[in-house]
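Accompanying notes for the structure given below.
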Amino acid sequence: MNENVDVYVCEPEVGINRQLEAIFIQFNVMDRETHEGTGRSHTVLMSTPDAMQLLQTLLYVQKKFSLPDGRDEPAMIEIPQKKN
């Protein structure tokens, strides 16, 4: 694996804020040697338009190289409702 990468991750989960303005992706940090999750999380936040552009880019790569679909249903992180 490339040594110029900031962090290796696996097991992505996604969430979106209530205003639908930002999407976050939470990953399990992956050990470079074993390629297994470490149990530590790493979260990336981006604007919804940027996230949709990322989605289009990933779909393009999937189609161009005939990559398989994801294995399971996407994992969504539930945002708890505010208590009154």
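One table, with the values for the structure above:
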| read-out | value |
| --- | --- |
| Test: L45 is assigned to a helix (DSSP H, G or I) and modelled with pLDDT of 90 or more | no |
| Test set (1) surrounded by 10 or more Cβ atoms within 10 Å (Cβ to Cβ); (2) at pLDDT below 95 - F27 fails condition number | (2) |
| Verdict on F24 being of a type in the set (A, V, I, L, M, F, W, C) and in contact with a Gly (Cβ under 7 Å, 6 or more places away or on another chain) | yes |
| Matching residues, the stretch 30-79, being surrounded by 11 or more Cβ atoms within 10 Å (Cβ to Cβ), under 20 Å from E11 (Cβ atoms) and among the polar types (S, T, N, Q) | T38, S41, T43, Q62 |
| Within the stretch 52-84, considering residues that are among the hydrophobic types (A, V, I, L, M, F, W, C), part of a loop (DSSP other than H, G, I, E, B) and farther than 20 Å from E21 by Cα, the one modelled with the lowest pLDDT | L67 |
| Flag if V14 is of a type in the set (A, V, I, L, M), in contact (Cβ under 8 Å) with a residue 24 or more places away in the chain, part of a loop (DSSP other than H, G, I, E, B) and at negative phi | no |
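The values are calculated or read from the model by the stated rules, or taken from the named source; none is laboratory data. Source: prediction; values computed, not measured. Heads up, the Cβs are rebuilt from the backbone with ideal geometry, glycines too, and the neighbour counts pull from every protein chain shown.
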